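The values are calculated or read from the model by the stated rules, or taken from the named source; none is laboratory data. Keep in mind the model is a prediction, meaning the values are calculated, not measured. Positions of Cβ are backbone-derived with ideal geometry, glycine not excepted, and every protein chain shown enters the neighbour counts. These accessible areas exclude ligands, DNA and RNA; they are computed on the full protein's heavy atoms, side chains included. Shrake-Rupley method; radii C 1.70, N 1.55, O 1.52, S 1.80 Å.
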Amino acid sequence: MCGIVGYVGTKDAAPLIVDGLRKLEYRGYDSAGVAVHAGKGIEIVRALGKLVNLSVALEKHPLLGTTGIGHTRWATHGRPSEINAHPHASGPVAVVHNGIIENHVALRLELEGLGVRFLSDTDTEIVAHLVARELAVAPGKVSLFVAAQAALRRVVGAYAIAVVSKDEPDVIVVARSGSPLVVGLGQGETLCGSDIPALLAHTRDVVFLEDGDVAELRASGVRIETVAGEAVTRPVKHIDWSHVQAERGGYKHFMLKEIHEQPEVVEATLRGRIDLAEGDVYAGEMGVPPEVARTIQRVYFVACGTSHHAAIAGRYWVEQLAKVPAVVELASEVRYRDPIFFPTDLVVAISQSGETADTMAAVKSAKAAGARILALSNVVDSAIPRSADGALYTHAGPEIGVASTKCFTTQLAALLLLAVYLGRRRETLPKERAQAVLQALWETPALMREVLGDADYMHLIAKRIAKATDVLFLGRGLGFPIALEGALKLKEISYAHAEGYAAGEMKHGPIALIDERMPIVVVCPKDAQYDKTFSNIQEVCAREGQVIAIATRGDEQMLEVAQHIVWIPAARDEVLPLLTVLPCQLLSYFVASLKGNDVDQPRNLAKTVTVE
Ligand code: AGP
């Protein structure tokens, strides 16, 4: 996720800003840049790659001044490159931005129509042009603060921005809507940052901006209004976290932080991609041209680990909504068989890192057979998207915990969008059903927040099962990939043996394992498969297994059979996996944490597996 740092005071801004950006490195980035008011105007230095490259560039071209903004970029629109690195300038202003501007296509077309020439592929550059144009309406008479408010009233989406102007050397204007931004109040200096660690070397007194706030930062302090121009006050909070705690947002581990980030990153993955009125998904965002969507004869998913579990859900959705035959293969197996690909296949390679060697090898086999490749990845321009015909990106931001959580739920969201998109192009999905599915998906982050609000109960259950050496996870339909994922999470970080099974397969073998010592997590929300899965729960009970049910709130009969019930809110079948996986992630996390394991870096595992 991008990082923003700003400084206005009496000290040399550039080194302070670079130092602040270094404190945000854990957020991940591909390029960086700084803009400083250097007396006569704003000067910008940017560099691709690590901050050391920016420091080298700053040695060659020092920026001297006491007001400035800086940025580390995690690409979402436009590949990682120096040209796409922030800050972006237009006339007297320079802007840094974290987030996604949903109406960027329309705004860009409008600005181009007015003669604006864009220098980058980013959505951010639009903000620079909009602010510059507002200032130009009455040169010298409109403040940067007022111009930024007016510009932001045109912007739809999520943003945290910081803007400086040649004409106001002692001011930084910042704004937030959906992306984090904190203001730090120092002695004769004011700062801003995407996250607390960027500020801690200077101050522990901070103001958390709220959505819709626009703030004017001066060395003497801050004043805040809404985008609409109404004055607001926000409390000053004193932070006593250590640097390490601050990096994890106060959570004990990155994995827990990432679990709790899921509503926000699923929202980011959906943002700007859904047309609710038409019950459709914008073609430009999907990486599959409409004519290809109409003519493919099969969708062939390849992936490993957690991404493979997302692929299983993807197959269900593609079959149900787009009525295209779909298969799922473990990428690590594909190359050891003689896989049969056709030029009419759409091969969807799912990889959060975009670098997994096995998935890359499967992509090469499919390419050699002339199949069309779509990469579904979280890392813009990584190896798999680069070798694909198109890319569909999740917007989870960098995932630091080795055990994947937020990347999984964003993959699910992206796959459901893909299925709707294919269904609409192929005319297998009526507009009304597409509208209902997309509406449900759009509302899912709020339901995810509700489920995550019950995390303490998962802690309690974790205490009860922490000593279990074997745990079974069962699920049917869209609950099956969640059972697989729940078992994988528990194995990865708690080192307990866990099996994920299709509930209907239980009586074909695993039922022999069940006794009173065996905890069995059953994914059993009120969906089309509910009655069948409920019968499996009764079979488990008959053998004295301890049932931990993930069930829909209000399901009275579940109270009679399950030892523990984790309630999830009622939702449409299609979006249930985004909810039912959350208790599984929390359960694994708490079991591993109770055992004192290294949750973020479990033994023997690598975040990205670049060997076959
Ligand atoms: C998930 O918790 C694992 N760390 C692992 O299974 C992972 O999903 C797998 O290695 C695939 O990685 P990718 O999505 O980056 O290709």
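Looking at region 563-579, is at least one residue touching a Lys or Arg at 6+ places or on another chain (Cβ under 9 Å), within 16 Å of the ligand (Cβ to nearest atom) and in contact (Cβ under 8 Å) with a residue 24 or more places away in the chain?
Looking through region 563-579, none of the residues is touching a Lys or Arg at 6+ places or on another chain (Cβ under 9 Å), within 16 Å of the ligand (Cβ to nearest atom) and in contact (Cβ under 8 Å) with a residue 24 or more places away in the chain.
Using the structure shown, decide if residue 154 is under 25 Å from residue 108 (Cβ atoms), open to solvent by 30 Å² or more (accessible area, probe 1.4 Å) and assigned to a strand (DSSP E or B).
No; evaluated as a whole, the condition is false for this residue.
One residue is enough: does region 214-221 have a residue meeting the conditions in contact with a helix residue (DSSP H, G or I) (Cβ under 6 Å, 6 or more places away or on another chain), surrounded by 14 or more Cβ atoms within 10 Å (Cβ to Cβ) and assigned to a strand (DSSP E or B)? Show your work before the answer.
Let us first name the residues in region 214-221 that are in contact with a helix residue (DSSP H, G or I) (Cβ under 6 Å, 6 or more places away or on another chain), namely 214, 216.
Subsequent filtering for residues that are surrounded by 14 or more Cβ atoms within 10 Å (Cβ to Cβ) retains 214, 216.
Of the ones still in play, those that are also assigned to a strand (DSSP E or B) are 214, 216.
Yes: region 214-221 contains one or more residues that are in contact with a helix residue (DSSP H, G or I) (Cβ under 6 Å, 6 or more places away or on another chain), surrounded by 14 or more Cβ atoms within 10 Å (Cβ to Cβ) and assigned to a strand (DSSP E or B).
Within region 36-46, can one find any residue that is surrounded by 20 or more Cβ atoms within 10 Å (Cβ to Cβ), closer than 23 Å to residue 379 by Cα and assigned by TED's automatic domain parsing to the domain that holds residue 7?
Checked region 36-46: at least one residue is surrounded by 20 or more Cβ atoms within 10 Å (Cβ to Cβ), closer than 23 Å to residue 379 by Cα and assigned by TED's automatic domain parsing to the domain that holds residue 7.
Check 479, 500 and return the single one that is in a helix (DSSP H, G or I), within 17 Å of residue 537 (Cα to Cα), at pLDDT 95 or above and not aliphatic (A, V, I, L, M).
The unique qualifying residue is 479.
Before we move on, is residue 439 within 13 Å of the ligand (Cβ to nearest atom), in a helix (DSSP H, G or I), at pLDDT 95 or above and not aliphatic (A, V, I, L, M)?
Details: within 13 Å of the ligand (Cβ to nearest atom): no; in a helix (DSSP H, G or I): yes; at pLDDT 95 or above: yes; not aliphatic (A, V, I, L, M): yes.
In short, no.
Show me the strands (runs of 3 or more DSSP E) found entirely inside region 316-403 where at least 3 residues are open to solvent by 10 Å² or more (accessible area, probe 1.4 Å) and either touching a Phe, Trp or Tyr at 6+ places or on another chain (Cβ under 8 Å) or within 11 Å of the ligand (Cβ to nearest atom) (or both).
Because the criterion is at least 3 residues that are open to solvent by 10 Å² or more (accessible area, probe 1.4 Å) and either touching a Phe, Trp or Tyr at 6+ places or on another chain (Cβ under 8 Å) or within 11 Å of the ligand (Cβ to nearest atom) (or both), the strands (runs of 3 or more DSSP E) in region 316-403 that meet it are 326-330.
Give 272, 284 a once-over and let me know the one that is at pLDDT below 95, away from the ligand (no atom under 16 Å from the Cβ), surrounded by fewer than 20 Cβ atoms within 10 Å (Cβ to Cβ) and outside any strand (DSSP E or B).
Values: 272 fails: surrounded by fewer than 20 Cβ atoms within 10 Å (Cβ to Cβ).
Checking each option against the conditions leaves just 284.
Would you pick out the residues in region 77-113 that are polar (S, T, N, Q) and either open to solvent by 50 Å² or more (accessible area, probe 1.4 Å) or outside any strand (DSSP E or B) (or both)?
Pass one, region 77-113, residues polar (S, T, N, Q): 81, 84, 90, 98, 103.
If the condition is that a residue be polar (S, T, N, Q) and either open to solvent by 50 Å² or more (accessible area, probe 1.4 Å) or outside any strand (DSSP E or B) (or both), then 81, 84, 103 are the ones that fit.
Give just the number: which of (1) of a type in the set (A, V, I, L, M); (2) more than 16 Å from the ligand (Cβ to nearest atom); (3) at pLDDT 95 or above does residue 312 not satisfy?
Unmet for residue 312, out of (1) of a type in the set (A, V, I, L, M); (2) more than 16 Å from the ligand (Cβ to nearest atom); (3) at pLDDT 95 or above: (2).
As an exercise: evaluate residue 557 against (1) assigned to a loop (DSSP other than H, G, I, E, B); (2) surrounded by fewer than 18 Cβ atoms within 10 Å (Cβ to Cβ); (3) away from the ligand (no atom under 16 Å from the Cβ) and give the number of the one condition it does not meet.
Tallying (1) assigned to a loop (DSSP other than H, G, I, E, B); (2) surrounded by fewer than 18 Cβ atoms within 10 Å (Cβ to Cβ); (3) away from the ligand (no atom under 16 Å from the Cβ), residue 557 fails exactly one: (1).
Quick check, is residue 447 away from the ligand (no atom under 16 Å from the Cβ) and either under 27 Å from the mean Cα position of the chain (by Cα) or among the polar types (S, T, N, Q) (or both)?
The answer is yes for residue 447.
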